[in-house]
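Okay, structure first, notes after.
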Amino acid sequence: MVASRILIIEDDISIAELQRDYLEIHSIEADIVTDGFEGMTRALKEEYDLVIIDLMLPSMNGFEICRRNRL
């Protein structure tokens, strides 16, 4: 099964938009969030098939997001 909804947590908007554009060409819906804490909150509240996380983010880094979501 191919992922149909992806969350991109990336503070560099040009990188995030490039990723989103590529996914949308392949009929995959992608949402962009530019802040670590907001991204973690959204990943927990909404249903995504995959989350792409940058490591260096404002307010919370990618490693911390992974640690908190593992529980």
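The values are calculated or read from the model by the stated rules, or taken from the named source; none is laboratory data. All figures in this text were calculated on a predicted structure; none of them were measured in a lab. Cβ coordinates were reconstructed from backbone atoms using ideal geometry, including for glycine residues, and neighbour counts include every protein chain displayed. Protein only, heavy atoms only, side chains kept; ligands, DNA and RNA dropped before computing areas. Shrake-Rupley method; radii C 1.70, N 1.55, O 1.52, S 1.80 Å.
A few comments on the model shown:
- Any hit, the stretch 60-71, residues being touching a Ser or Thr at 6+ places or on another chain (Cβ under 8 Å), among the small types (G, A, S) and open to solvent by less than 70 Å² (accessible area, probe 1.4 Å): no
- Residue list for the stretch 4-49, restricted to those being surrounded by 14 or more Cβ atoms within 10 Å (Cβ to Cβ) and of a type in the set (A, V, I, L, M): I6, L7, I8, I9, A16, L23, I28, A30, I32, V33, M40, A43
- Residue match in the stretch 2-10 (condition: among the acidic types (D, E) and touching a helix residue (DSSP H, G or I) at 6+ places or on another chain (Cβ under 7 Å)): yes
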